[in-house]
Amino acid sequence: MTAYIIRRLLYAVPILVGVNLITFVLFFVVNPPDQMARLHLGDRHVTQEAIDKWKEQRGYDMPLLVNSQAGGFGMFTRTIFFEKSIRLFIFDFGSSDNGRDISYDISQRMWPSLAIAIPSLIMALLVNIFFAMLLAFFRGSYIDIWGVILCVILMSISALFYYIGGQFLVGKLLRLVPISGYGTGLDAAKFIVLPVIVGVIAGIGASTRWYRTFFLEEVGKDFVRTARAKGLSEARILFRHVLKNAMIPILTGIVVALPLLFMGSLILESFFGIPGLGSYTIDAINQQDFAIVRAMVFLGAVLYIVGLILTDISYTLVDPRVRLA
Amino acid sequence: MELRQDMFIRIAVMFMVLSPFCGGLADSNIWNNPYPSRDSHKNILYSDFEERPKHLDPVRSYSSNEYGIIANIYEPPLQYHYLKRPYELTTLTATQMPVPYFLDKDRRRLPDNASAGDIAWSIYDIEIRAGIMYQPHPALAKDPTGRYLYHDISADDIKDVHVLSDFEEVGTRELTAEDYVYQIKRLAHPQSNSPILGVMAGYIDGLNEYSDSLQVAYNEQADQSASPVWLDLRKYPLAGVKATGKYTYQVRIKGKYPQFKYWLTLPFFAPMPWEADLFHAQSGMEDKNLTLHWYPIGTGPYMLTENNPNLRMVLSRNPNFHGERYPTEGMPGDAEEGLLDDAGKEIPFIDMVISSLEKESIPRWNKFLQGYYDVSGISSDTFDQAIRIGGSGDLMLSDEMREKGIRLSTAVAASTYYFGFNMLDRVVGHPAGEQGKYLRQAIAIAVDYEEYISIFLNGRGIVAQGPLPPGLYGYQQGSAGVNPVTHAWEGGKLRRRPLSQARSLLVKAGYPGGRDAASGEVLKLYYDTVARGPDSKAQMNWWRKQFAKLGIELIVRPTDYNRFQDKMLNGTAQMYSWGWNADYPDPENFLFLLYGPNAKAAENHGANASNYNNQDFNSLFEKMQNMDNNEERLAIISRMIDILREDAPWLWGINPKSFALYHGWYFNSKPNLMANNTLKYKRIDPELRSRKRSEWNQPVSWPIWIGLFILIISALPAFISYQRRQRAKPQVNQV
């Protein structure tokens, strides 16, 4: 397995270079360094000299991808792409274009994201499994039919509707929790309740339907028939046998998402005023702060790759037939 | 089975019985308060911000959201009078208003009425008040021997320091004139990237050369040492700025520049103690984000005690504030509105200001209605809820707002949103000569801005009649201020000229009915805009409709802001829309937007985005810009505006109206669109606020219980079905 993991990590290097290159090209096609400087300096009284100085101080005065004036490796190393990318591979994210230490900002802002993401994940898992098992238990009945219809309706509604509707109903009409904001320590609890509930409800439709198919697949298998033949109750069959086997695809689906919990939710954090990494990324895009955008995309790619490797490993743990070679 | 159903019904009944009790319990608390309940009765102002400030260093900061913070911390020598209109300058830390004297090129003193052409230098001697102290700050902390505690620290020394308050000791010292000089020198520092260096280098004697010499010094020092470079600017003299005493300093301006006094109200010219500059330049400070961009140091009424712009920013009363009193004079009507109730009282009134990050308008608005923000603007989404239009077309508060005791204040902003023609363009610009002028005039009549304001701005604006917004010297009201090209003054009202006149002008322009008289082809014009997406569709359709009135086909070219900037810099756009907010209340600050040498598509990329170039106008501008306000200047401004109206390089567009709502517990609110240091005048009644919050925010819990009850009831058939299945005998399949 060790060889497998090492091989997968080595595969990750060209993937990360590719991701970085695509981010770089997309960003600088839209935001050339001169415009970045104008945005940061303000364009009311800015002079070309000030723009040039800003670019020089931040290393944006070099060619983007190829330096035709430099010889040898310098053609590729004395470029904005190389200078800005190479340090990412040792997780040195450097400073934002505003001079802030990105690693410090990430370390501060990942906690609010996790404070929302972890309870949301656990609650969503429990609620979705409960509803999916309920539908599987009553498969073919009117409860199943109406349940699936309800799931389709729920998954057809935009997440924004849940956010705004949740704020309106729970925060404004019922006045049970603050509409938005965030606190530190225990104070954070009252701010987390609403985004967690809304996040869970927003995901019920799709996840319940998805999990239901896993349960139904298992229910039709021979071992279930055997269990019934032994005289086990339907509830016992579901909880003891079906659930255990259906959890394999469910858990592996969760493992792949686990590292991405750090990255937060772009829209949810913005709506509920959560100072997490999602809103950090959105702010950076709006402010054309390439240093942050590049760092967050890189981090997202790394976490995704880590998630996929963990998924593979988790297969071997939950299913003894799977071997990594 | 019957027993279990009976139990279920009993539980349901118990919920129903308990729910009013639970509701009763809830009455004693507010659950949705985003702030700690212990702060409910404190003298704290609650506001919000949408975008985090990028720079709080006064040498760099230049946007309104940043000024909202630092203008209450840093104190330049002058400020705007809070109540008087038109805007009037008054002293802040200066003892008196500086009056410049003039020198000729041989440094001989000239009379005060010398002509601008004879004046080689203007000398501003500024005296500040004695006894003003800085806020407590670790940069100023000293040990008993008088040695600075934190001026010789290494990265290791601050390994456990993460925010400024982690430094245990703080100190203060008296403000001196040298601090003002130091800050002006910082404008030229190579690492400062001050946005006004280019402008000020044109006026402050020697600033340009100073910038070059600092760059050399910086490079030398950087080459010699691996540690962060700190240039002690006290050792580098600047020719045009010097301290002439402990409390006096002198600024030498090239030529005559009366607008310089307005710059003295901005934080660019606020004092900076050298100790703070050194303190933040030490090794390890920048890596820990301990910079002047993050931690301002000032003498003003407030100091920034918490800077977490991802969540909130907190301004607290500066314990060392020198004291100031609320104005005793205002405008007619101010006393009746209660704006002079606090006349002569010591300010600031508020102990703390908590500003929370609020990115979305809906939660912001709802929190204002719940009493958790003290002030709010009005967005398009909430306009109908907040404002109703009276029978005579006037705007007033809705009943819902009035019942809550909310009040409204409005003011026409010193801003303009205009639609510009690129005068380099061969169809609509200078190359088209008189025909181009007639075409622009025809379009100016056809574009019905009154309708635009009504449809898209809910009436929040007035139709501009020229480049100057109301409130500026040279702006004229009533019939004297009418743009005769587009409007007429009839029966005491402005009336847009009929479309028939526009069509006649179009014939003179060579496009009868919107077609080229020579080729017969429909005239196509191109409008570059950054307005994109579905929200802008209605606006773009409206623009097409305006041009279609004349038979002209308008082709809208939506683009992102960067591309738009490129087009403007290269002069390749044909028509565009843009805006301008006043830096200071002087007509020069708007008329320079059409001054020929300021053309954007020229080498220096000036602010004249239309690339308009009229020699008569340019000559008048050069004469007007250096004059003091008097009859002669007013006459020149009128002539300049007449030229512009005739040439119509812009459709003059809109002067927007700002609307602000504030709660009944918020006092002394008068819109001041020039001043940013107005927090100190505001007063709140925290007891009234607490009562209102309690009244408006009682939780409603019964729907939760009802919802649970319905859920349980609806689950009942499933439960019964489950029970039946459990008891059913296994089916044996017949083969």
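Nothing in this text is a laboratory measurement; each read-out follows from the coordinates by a stated rule. Only a predicted model underlies this, so the values are computations on that prediction, with no experimental measurement involved. Ideal geometry is used to build each Cβ from the backbone, glycine not excepted, and the neighbour counts take in all protein chains shown.
Please compute the net charge surrounding B:W542, taking Lys and Arg as +1 and Asp and Glu as -1 over other residues with Cβ under 10 Å from its Cβ. Local charge sum for B:W542: +1. For region A:175-251, a simple Cβ point-charge model (Lys and Arg +1, Asp and Glu -1, everything else neutral) yields a dipole of about 280 debye relative to the Cα centre. Amide H to amide H distances under 5 Å link B:K242 with B:Q250, where only residues 5 or more positions off or on other chains count and H is placed in the peptide plane. Using R0 = 41 Å, the C-beta based FRET efficiency linking B:Y722 and B:D381 works out to 0.30. Remark: B:Y101, B:Y452, A:Y182 ranked as B:Y101, B:Y452, A:Y182, counting other beta-carbon atoms within 10 Å and listing the fewest first.
Of the cross-linked pairs A:K172/B:K545; A:K55/B:K142; B:K142/B:K246; B:K254/B:K437, those separated by over 31 Å at the C-alpha level are A:K172/B:K545; A:K55/B:K142; B:K254/B:K437.
Below 13 angstrom from the Cβ of A:I309, what's the summed charge of the other residues (Lys, Arg +1; Asp, Glu -1)? Residues near A:I309 contribute +1 overall. Note on B:R402 and B:S361: with the Förster distance fixed at 25 Å, the Cβ-Cβ geometry gives a FRET efficiency of about 0.70.
Shown in residue order for region B:596-606 are the 3J(HN,Hα) couplings computed by the Karplus curve 6.51 cos²θ - 1.76 cosθ + 1.60 at θ = phi - 60°: x, x, 8, 4, 6, 7, 9, 4, 8, 6, x Hz (x for Gly and Pro). Label positions at B:A480 and B:T248, each projected 7 Å from the Cα along the C-beta direction, are separated by 4.0 nm. Along the charge dipole of chain A, Cβ charges K/R +1 and D/E -1, which of A:I116, A:Y104, A:L266 sits furthest on the positive end? Working it through, the farthest residue towards the positive pole turns out to be A:I116. Relative contact order of chain A: 23 percent, from C-alpha pairs under 8 Å at least 6 residues apart in sequence.
Bridgeable lysines around A:K244 (alpha carbons under 24 Å apart, same-chain partners fewer than 8 residues away excluded): A:K221, A:K230. The modelled label-to-label distance between B:D166 and A:D319, using points 7 Å beyond Cα along the C-beta direction, is 4.8 nm. Placing +1 on the Cβ of every Lys and Arg and -1 on the Cβ of every Asp and Glu, with no other charges, gives region B:70-277 a dipole of roughly 1100 debye about its Cα centre.
When each of the peptides B:323-335, A:204-216, B:50-62 is scored by the mean number of other C-beta atoms lying within 10 Å of its residues, the order from highest to lowest reads B:50-62, A:204-216, B:323-335.
Only one residue of B:T265, B:G171, B:V482 has its Cα farthest out toward the positive end of the dipole of chain B, where Lys and Arg carry +1 and Asp and Glu -1 on Cβ, and that residue is B:V482.
When the Cα positions of B:N589, B:I552, B:G492 are compared along the charge dipole of region B:415-659, B:I552 comes out farthest toward the positive end, with charges on each C-beta of Lys, Arg, Asp and Glu. Rounded to whole numbers, the Karplus 3J(HN,Hα) couplings from phi for region B:46-51 are 10, 9, 9, 9, 9, 10 Hz, using 6.51 cos²θ - 1.76 cosθ + 1.60 with θ = phi - 60°, and x at Gly and Pro. Taking a ≥ b ≥ c as the square roots of the Cα gyration tensor eigenvalues, with a/c under 1.5 meaning rounded and otherwise prolate when a/b beats b/c, else oblate, which class fits region A:102-324? Oblate shape, in that a/c is at least 1.5 and b/c is the bigger or equal ratio. Each helix, a run of at least 4 DSSP H residues, gives -39500 (n - 2.57); summed and divided by the residues of chain B, these come to -9000 deg cm²/dmol at 222 nm.
Coupling constants for region B:90-99 follow from the phi torsions by the Karplus curve (6.51 cos²θ - 1.76 cosθ + 1.60, θ = phi - 60°), and in residue order they are 9, 7, 10, 9, 6, 7, 8, 5, x, 10 Hz; glycine and proline get x. Over 25 Å apart at the Cα level, from the set B:K185/B:K682; A:K53/B:K242; B:K404/B:K670; B:K185/B:K256; B:K508/B:K600, are B:K185/B:K682; A:K53/B:K242; B:K508/B:K600.
Distance between the C-alpha centres of region B:471-511 and region B:289-308: 50 Å, rounded to the whole angstrom.
Each Lys or Arg adds one and each Asp or Glu subtracts one; over the other residues with Cβ under 13 Å from the Cβ of B:L339, this totals +1.
Computed over region A:8-90, the percent of Cα pairs more than 18 Å apart is 52. For B:I347, nonlocal amide neighbours, meaning residues 5 or more places apart or on other chains whose placed amide H falls under 5 Å from its own, are B:E324, B:R325, B:Y326.
Only DSSP H runs of four or more residues enter the estimate; each adds -39500 (n - 2.57), and after division by the residues of chain A the mean residue ellipticity at 222 nm equals -22000 deg cm²/dmol. The overall shape of chain B, judged from the alpha-carbon gyration tensor, is oblate: a/c is not under 1.5, and a/b is no greater than b/c. Computed from Cα positions, the angle between helix A:2-30 and the longest principal axis of chain A comes to roughly 60 degrees. Only Lys, Arg, Asp and Glu carry charge here, each on its Cβ (+1 for the first two, -1 for the last two); on that basis the protein assembly as shown has a dipole of about 4040 debye about its Cα centre. Inter-chain Cβ neighbour count for B:360-371, averaged per residue, equals 5 (cutoff 10 Å, partner chain atoms only).
If you sort the three axes of the alpha carbon gyration tensor as a ≥ b ≥ c, you get a/c under 1.5 for region B:415-659, which makes it rounded. Full extension of the chain between B:Y101 and B:E337 gives 80.9 nm of extra length, using 0.36 nm per residue less the Cα-Cα distance.
Amide H contacts under 5 Å for B:D425: B:H430, restricted to partners 5 or more places along the chain or on a different chain, H placed in the peptide plane at 1.01 Å from N. Taking other Cβ atoms within 10 Å as a rough exposure proxy, B:W702, A:W54 sort from fewest to most as B:W702, A:W54.
Neighbour counts of other Cβ atoms within 10 Å put B:W652, B:W542, B:W31 in the fewest-to-most order B:W542, B:W31, B:W652.
Just to confirm my numbers, what's the Cα centroid distance between region B:547-625 and region B:410-428 in Å? Distance between centres, Cα-based: 7 Å. Legend: translational diffusion of region B:70-277 by Stokes-Einstein, Rh = Kirkwood radius over C-alpha pairs, 10 °C, 1.306 mPa s; D = 84 µm²/s.
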